[in-house]
Amino acid sequence: MYENTRRHYRVAQRDIYEDPYEGVYVTKEEQQKYFIVTAGLVLLSFLSAVAIILKKK
């Protein structure tokens, strides 16, 4: 009589990026945040290296 009374609803998938080295799933927003933090650290370390070189002269 009633074969299937449950309804199937589609759920929106999250935009995820798989990091093959760690095996973790990172969302696109998290990936952008990590990129900004990493770029800031690289810039900071570069500027500190330049300051140390200029200080020695």
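Read-outs: derived from the displayed coordinates by stated rules, not from any lab. Everything numeric here is computed off the predicted structure, so don't read it as measured data. Here the Cβ is made from the backbone with ideal geometry for all residues, glycine too, and neighbour counts use every protein chain on show.
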Using the basic label-point model (7 angstrom from Cα toward the beta carbon), what is the residue 35 to residue 49 distance in nanometres? 2.3 nm
Based on the mean of other Cβ atoms within 10 Å per residue, sort peptides 27-40, 44-57 so the most packed one is first. 27-40, 44-57
